[in-house]
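In what follows, a single structure is set out as structure tokens and then discussed.
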Amino acid sequence: MLTCDAYHMPGSLTEALKLWSETSDGSRLVSGATDILPWAREGRAGDVHVPELVDVTRIAELDGYAFENGRVRLGARTVYQDFLTDRILMQNLPCMPHCAIWFADDQIRTQASLTGNLVNASPVADGTPAVVALNGEIELARLDSGKIVRRSVPVIDFIEGPGQTRIARDEIATAIILDNASGYGGSFQKVGQRRSLVISIACAAGLVKTDHNGRVFDDVRLAIGGVGPRPIRLTEAEQALKGARISHERIAHVAQTAADTVGSRSRQEYRREVVVNFVRAAIEDALANQPNVTISFEDTEEEAHA
Amino acid sequence: MPKLTMDAEVNGRKVRREIQPYSRLLDFLRDNLNLTGTKEGCGAGECGTCSVFVNGKLVKSCLMPAAKAQGTRIETIEGLAGLGDLTPVQRAFHKTGASQCGYCIPGMVMAATAALRENPGADIEEIKERLGGNICRCTGYTKIFEAVEMAKAVIAGDAPETVLEEDKVGDSYIGANVRRLDAPSKVSGRLKYAADMKMHDMLQMQVLRSPLAHAKILSIDTSEAEAMEDVVCVITEEDVPGNDGFGVFVHDQPIMARGKVRHVGEAIAAVAAENVLTARKALSKIKVEYEALPGLYDPADAMKPGAPVIHDYAPDNLVKHIPVRKGNVEKGFAEADLILEDDFRTQQVEHAYLEPEAGIAYVDPDDVVVVISPSQNITHHRHMLAEIIAKPINKVRFIMSPVGGGFGGKEDMIYQGMLALCAMKTHRPVQLNFTREESLIASAKRHPARIHYKMGLTLNGRITAISFDMLSDGGAYGMSSEGVMRKAAILSCGPYEVKNLKVDTRAVYTNNTPSGAFRTFGAMQAQFATESMMDMAAEALGMDPFEIRRINMMKIGAKTHTQQTLETASLDRVLEAAETASRWEKGVPNVRGAERDDLNGPDTRQPCTLGARIKGSRNETHPYEKVA
Ligand SMILES: Cc1cc2nc3c(=O)[nH]c(=O)nc-3n(C[C@H](O)[C@H](O)[C@H](O)COP(=O)(O)OP(=O)(O)OC[C@H]3O[C@@H](n4cnc5c(N)ncnc54)[C@H](O)[C@@H]3O)c2cc1C
Ligand code: FES
Ligand code: FES
């Protein structure tokens, strides 16, 4: 059971930052509360009393999204359900709808913020690999002599380990800034014990862009979660595919090498095995998802000609 | 503590209440507004019994701080149809029989309503996805989905409203679709389960539970808890006036730990206070000194000579041994052409009924101790409690509240005694609502079993002998173990006529969570082994698995394992129905490779996918077909 002495719902960022910097130690920020409420239960933190809770969901500045310099700036209030209902976000962040559909359920997605997911920094948070594949940064704001000061940290560095991030005591996350991946195909892979309401055992996100003929990989982005304390971007695999002719065999080969490198970082045999299939599926699903391009696989073509 | 003034529009009416700053929306609805159709099945976002609309969006009210709903428009199950009639969704649930215990049903109706509001044209895959956050443990989902599709058709005008009405019943109710009498109270959220009931001046109770599996209790100091403001009483085993001890067969379990604890989660003391929070705080003030004892966690260890003893009355740690003998197994095995021998194991299983344990006790003006709870065995509980509290039977009354799922898990009197003691000590009504975690840790589980199996067969598939040896982990207390062992023994070798058999089922004490009654009462564990053996025998003998079962099945006149002569038998018809329904291709199962027509048919569960609503959303030329 989570108890507090006061629950604040500031309406502006300045008000929120001021309130937050004045709260006593042990106070917490709250967005959707879908991590923080279940955390204060038996088997986890047990009954917890915090002095104050500062709710960020009525801060007007954290609302909505904007396009800036080829990037998408998502206000910190963006929730998972937005990736399933907002056509523009779905189109420009093509791995996010697939990540969202496997996340919790419709009701929790209506509350659960992407920001809360990242700040909570669980090694199996679904949002992390998807955001890392989109070269995501998290924007943090604090008050300095009454003025709002902001900084951005790449999410891959922001998450330092389970529950550990680079956020400072007086900061509030205000936005998540992602690459605009319009024209890419996106995908998301998740292993869990059931379909809804399940935390991943491991997860992976993929983004792929090919030439117009669907023959060559122009760009590939791959990230995985759940295999180590921090998210992993598979840069070697990405490099091996960029500029290469698309073929099932090449994808399978890259998946195998990726699994070998990642595998050495993970002690769990099962997760090691999962990675091979994840990487292959992430690439193939993303290829199938790319708009307006029909993919021509080298090996399928050869078979057709043979 | 500073309060928070909560303003909202609830079911079309403006309300203002003073609430705690940390109240959840669920607490506000249930405690402040008495809207108890919204339930707390888990308190952690996992079950969906608490689903409500906030500004038109369905949310889980257990995960929402009430303050977030400040100034919003809230709609609960009670508000869907207003007073009187039911909505088409509710009527469809009534029609298709989509409600059993009913505990999940208000949440299900809310989720179904949300699905059809969000997308009135949602196809079945999307409906399933949108109901994914709501769990049902008894109805199963088929009738629920049937109801949602029926409501969808009626709302869209594709089906007449008359489909929601009761079917005409002809000459017989057998085989007719008859609506359940109790469904309207469930689909409307009006039915009051124990946790939904309130009595004037009622106290809330919380239970201190053991963190250790096996330990001597050296001392319990409740003084600090008792001195707390708003704490009304603290009880321990010392407060038990009569002969302490309950259990379905052997009365080996005290109301609260007496001298020692035998499993993690065992009740040690209970506090009744003016509110839950105070009661919970008081628990942390109770000091218990333990001396850890060596524990038993494996049933095989419990049988070893010199093993720690868990109950003094059972120095061998045996709860019950049920032997069954028929014919002569040595002779039977000697006649066999083939002898198969194997080991089987099953695991501990939680019932996970959606209604966590809950109850109220009070002492009525005639000094009758009354306990209201979803007990599956009130008459037995009443007799046991009378002994325990040293009262004549006419001074003890049990009222069975609607059971939000039991499946055997609510047969044990694990909390009613504590409620009664608190009510007797305070002369005020006392309520206890388990949290989900508490229900998991303290309630009985399905027996984990180990079975050593030996089966002798002739080359034409006839069983000549079986030796069946089952060892079950009974956990810390006897509960229903004896009955479960009996049932397992009686049904051990399945519905097959076996001339020579030797069956032994044993349950032993360990320091694991007690095992108790659970649907099939021991038969599931036994049948898992027996039916696996039948399939393995079919493979070994190169026979069709239906064929080998027909050769051995009990027919009219057969003698059961316990030597009863059967006057009726229906296995032939069961096998035939199963064979037809599964489109079974005759033959040995393991030699036919992948080209079987009976696999992956329309009636087979397809692999789980998601994404019905994002399919083809990006452009029509490249529809998205597959997620993971
Ligand atoms: C039943 C259930 C199923 C779930 N399924 C999944 C799943 O499938 N995948 C998955 O990844 N997660 C899952 N979760 C976990 C959770 O829903 C997510 O992590 C969610 O994204 C958290 O977001 P929130 O807004 O609810 O965070 P909160 O609980 O409000 O906050 C989480 C943390 O972030 C901090 N925080 C929030 N906002 C800010 C801000 N603006 N600035 C600084 N700090 C902030 C809070 O202080 C807190 O430490 C599930 C949870 C439940 C209960
Ligand atoms: S989801 Fe809220 S009580 Fe279970
Ligand atoms: S009817 Fe669904 S849980 Fe009982």
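The values are calculated or read from the model by the stated rules, or taken from the named source; none is laboratory data. Please read these numbers as outputs of a predicted model, since none were measured by experiment. For neighbour counting, all protein chains shown are included, and Cβ atoms are generated from backbone atoms with ideal geometry for every residue, glycine included. What goes into the accessible areas is simple: the full protein's heavy atoms, side chains included, and nothing from ligands, DNA or RNA. Shrake-Rupley method; radii C 1.70, N 1.55, O 1.52, S 1.80 Å.
Determine which member of the set A:ASP47, A:ASP5, A:ASP55 is within 14 Å of another protein chain (Cβ to nearest Cβ), in contact with a strand residue (DSSP E or B) (Cβ under 8 Å, 6 or more places away or on another chain), of a type in the set (Asp, Glu) and open to solvent by less than 20 Å² (accessible area, probe 1.4 Å). Even if it seems obvious, please write down each step before you answer.
On the way: A:ASP47 fails: open to solvent by less than 20 Å² (accessible area, probe 1.4 Å); A:ASP5 fails: open to solvent by less than 20 Å² (accessible area, probe 1.4 Å).
Criteria check complete, one pass: A:ASP55.
Within segment B:505-525, how many residues are of a type outside the set (Gly, Ala, Ser) and open to solvent by 10 Å² or more (accessible area, probe 1.4 Å)?
Looking only at segment B:505-525, we keep the residues that are of a type outside the set (Gly, Ala, Ser), and these are B:505-506, B:508-514, B:518-521, B:524-525.
Those still in the list that are open to solvent by 10 Å² or more (accessible area, probe 1.4 Å) too: B:506, B:512-513, B:518-521, B:524.
Residues flagged as of a type outside the set (Gly, Ala, Ser) and open to solvent by 10 Å² or more (accessible area, probe 1.4 Å) within segment B:505-525 amount to 8.
From the list B:GLY107, B:GLY189, B:GLY102, exactly one residue is modelled with pLDDT of 95 or more, open to solvent by less than 30 Å² (accessible area, probe 1.4 Å) and within 16 Å of ligand 1 (Cβ to nearest atom). Which is it? Don't jump to the end; show me each part of the working.
Details: B:GLY189 fails: within 16 Å of ligand 1 (Cβ to nearest atom); B:GLY102 fails: within 16 Å of ligand 1 (Cβ to nearest atom).
Result: B:GLY107 is the single residue among B:GLY107, B:GLY189, B:GLY102 that is modelled with pLDDT of 95 or more, open to solvent by less than 30 Å² (accessible area, probe 1.4 Å) and within 16 Å of ligand 1 (Cβ to nearest atom).
I'd like to know if segment A:77-96 contains one or more residues that are assigned to a strand (DSSP E or B) and on the phi < 0 side of the Ramachandran plot.
Of the residues in segment A:77-96, the ones assigned to a strand (DSSP E or B) are A:79.
Retained after the next criterion (residues that are on the phi < 0 side of the Ramachandran plot): A:79.
Checked against the condition, which is being assigned to a strand (DSSP E or B) and on the phi < 0 side of the Ramachandran plot, segment A:77-96 yields at least one hit.
I want to confirm something. Restricting to segment B:435-454 and keeping residues that are open to solvent by 10 Å² or more (accessible area, probe 1.4 Å) and part of a loop (DSSP other than H, G, I, E, B), which single residue is nearest to the other protein chains (Cβ to nearest Cβ)?
The qualifying residue nearest to the other protein chains (Cβ to nearest Cβ) is B:THR435.
Return a yes/no flag: does segment B:40-62 have any residue that is more than 16 Å from ligand 2 (Cβ to nearest atom) and open to solvent by less than 10 Å² (accessible area, probe 1.4 Å).
no
Just for helices (runs of 4 or more DSSP H) wholly inside segment A:216-295: which have at least 2 residues that are crowded, with 18+ Cβ neighbours inside 10 Å, out of contact with any Ser or Thr (no Cβ under 9 Å at 6 or more places or on another chain) and hydrophobic (A, V, I, L, M, F, W, C)? Walk me through it before giving the result.
Details: elements: A:235-241, A:248-263, A:269-289.
In segment A:216-295, A:248-263, A:269-289 are the helices (runs of 4 or more DSSP H) which contain 2 or more residues that are crowded, with 18+ Cβ neighbours inside 10 Å, out of contact with any Ser or Thr (no Cβ under 9 Å at 6 or more places or on another chain) and hydrophobic (A, V, I, L, M, F, W, C).
Answer with yes or no whether B:TYR193 is aromatic (Phe, Trp, Tyr) and in contact with a Pro (Cβ under 9 Å, 6 or more places away or on another chain).
The answer is yes for B:TYR193.
Let's see how each residue does on (1) outside any strand (DSSP E or B); (2) within 16 Å of ligand 2 (Cβ to nearest atom):
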{"site": "A:LYS18", "(1), (2)": "yes, no"}
{"site": "A:THR34", "(1), (2)": "yes, yes"}
{"site": "A:PRO38", "(1), (2)": "yes, yes"}
{"site": "A:HIS49", "(1), (2)": "no, no"}
{"site": "A:ALA66", "(1), (2)": "no, no"}
{"site": "A:VAL72", "(1), (2)": "no, no"}
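If I filter segment B:263-282 down to residues being open to solvent by 30 Å² or more (accessible area, probe 1.4 Å) and in a loop (DSSP other than H, G, I, E, B), which single residue comes out as farthest from the other protein chains (Cβ to nearest Cβ)?
B:GLU274
State the number of residues belonging to segment A:158-180 that are more than 16 Å from ligand 1 (Cβ to nearest atom) and under 29 Å from A:GLU273 (Cβ atoms).
The initial filter retains those residues of segment A:158-180 that are more than 16 Å from ligand 1 (Cβ to nearest atom), namely A:179-180.
Now drop any that are not under 29 Å from A:GLU273 (Cβ atoms), which leaves none.
Residues meeting the conditions: 0.
Is it true that A:PHE103 is aromatic (Phe, Trp, Tyr) and either open to solvent by 20 Å² or more (accessible area, probe 1.4 Å) or part of a strand (DSSP E or B) (or both)?
Details: aromatic (Phe, Trp, Tyr): yes; either open to solvent by 20 Å² or more (accessible area, probe 1.4 Å) or part of a strand (DSSP E or B) (or both): yes.
So A:PHE103 fits the description; yes.
Quick one: in segment A:58-70, which of the residues that are open to solvent by 20 Å² or more (accessible area, probe 1.4 Å) and of a type in the set (A, V, I, L, M) is farthest from the other protein chains (Cβ to nearest Cβ)? Full working, then the answer.
If we filter segment A:58-70 for residues that are open to solvent by 20 Å² or more (accessible area, probe 1.4 Å), which is where we start, we get A:58, A:60-61, A:63-70.
The next check asks that each one be of a type in the set (A, V, I, L, M); those that pass are A:60, A:66.
Working: A:ALA60: 15, A:ALA66: 22 Å.
Filtering first and then ranking leaves A:ALA66.
Considering only residues that are in a helix (DSSP H, G or I) and open to solvent by less than 60 Å² (accessible area, probe 1.4 Å), which ones fall in segment B:223-232? Talk me through it step by step, then tell me what you get.
Step one: filter segment B:223-232 for residues in a helix (DSSP H, G or I), giving B:223-226.
The one that is in a helix (DSSP H, G or I) and open to solvent by less than 60 Å² (accessible area, probe 1.4 Å): B:ALA225.
Out of all the residues in segment B:142-150, is one or more away from ligand 3 (no atom under 16 Å from the Cβ), surrounded by fewer than 24 Cβ atoms within 10 Å (Cβ to Cβ) and not β-branched (Val, Ile, Thr)? Spell out the reasoning first.
Start the filter on segment B:142-150 by keeping residues that are away from ligand 3 (no atom under 16 Å from the Cβ), which leaves B:149-150.
Going one step further and asking which of them are surrounded by fewer than 24 Cβ atoms within 10 Å (Cβ to Cβ), we end up with B:149-150.
Checking the rest, the ones that are also not β-branched (Val, Ile, Thr) come to B:149-150.
Yes, segment B:142-150 contains at least one residue that is away from ligand 3 (no atom under 16 Å from the Cβ), surrounded by fewer than 24 Cβ atoms within 10 Å (Cβ to Cβ) and not β-branched (Val, Ile, Thr).
So which of B:ILE235, B:ILE255, B:ILE220 is surrounded by 17 or more Cβ atoms within 10 Å (Cβ to Cβ), assigned by TED's automatic domain parsing to the domain that holds B:LEU421, touching a Ser or Thr at 6+ places or on another chain (Cβ under 7 Å) and not charged (D, E, K, R)? Full working, then the answer.
Details: B:ILE235 fails: touching a Ser or Thr at 6+ places or on another chain (Cβ under 7 Å); B:ILE255 fails: touching a Ser or Thr at 6+ places or on another chain (Cβ under 7 Å).
Within the list B:ILE235, B:ILE255, B:ILE220, the selection yields B:ILE220.
Restricting to segment B:173-205, name every residue that is hydrophobic (A, V, I, L, M, F, W, C), outside any loop (DSSP other than H, G, I, E, B) and out of contact with any strand residue (DSSP E or B) (no Cβ under 8 Å at 6 or more places or on another chain). Spell out the reasoning first.
To start, the set of residues in segment B:173-205 that are hydrophobic (A, V, I, L, M, F, W, C) comprises B:174, B:176, B:178, B:181, B:183, B:187, B:191, B:194-195, B:197, B:199, B:202-203, B:205.
Filter once more, so that each one left must be outside any loop (DSSP other than H, G, I, E, B): B:183, B:187, B:194-195, B:203, B:205.
Selection gives B:ALA183, B:VAL187.
For residues that are within 13 Å of chain A (Cβ to nearest Cβ), more than 16 Å from ligand 1 (Cβ to nearest atom) and not polar (S, T, N, Q), tally how many sit in segment B:22-33.
Applying the first criterion (within 13 Å of chain A (Cβ to nearest Cβ)) to segment B:22-33 yields B:22-28.
If we keep only those that are more than 16 Å from ligand 1 (Cβ to nearest atom) as well, we get B:23, B:27-28.
Among the residues that remain, those that are also not polar (S, T, N, Q) are: B:27-28.
Summing the residues that are within 13 Å of chain A (Cβ to nearest Cβ), more than 16 Å from ligand 1 (Cβ to nearest atom) and not polar (S, T, N, Q) in segment B:22-33 gives 2.
Hey, can you tell me all the residues within segment A:115-151 that are within 14 Å of chain B (Cβ to nearest Cβ) and either within 16 Å of ligand 3 (Cβ to nearest atom) or outside any helix (DSSP H, G or I) (or both)?
A:ASP126
When you check B:THR72 against the structure, is it surrounded by fewer than 23 Cβ atoms within 10 Å (Cβ to Cβ), closer than 22 Å to A:VAL30 by Cα and more than 16 Å from ligand 1 (Cβ to nearest atom), yes or no? Let's see the steps before the verdict.
On the way: surrounded by fewer than 23 Cβ atoms within 10 Å (Cβ to Cβ): yes; closer than 22 Å to A:VAL30 by Cα: yes; more than 16 Å from ligand 1 (Cβ to nearest atom): yes.
In short, yes.
With the requirement that a residue be over 30 Å from A:TRP20 (Cβ atoms), open to solvent by less than 10 Å² (accessible area, probe 1.4 Å) and among the polar types (S, T, N, Q), what does segment A:143-195 give you? Before the answer, list the steps.
First, the residues of segment A:143-195 that are over 30 Å from A:TRP20 (Cβ atoms): A:180-195.
If we keep only those that are open to solvent by less than 10 Å² (accessible area, probe 1.4 Å) too, we end up with A:181, A:185-189.
The answer is A:SER187, A:GLN189.
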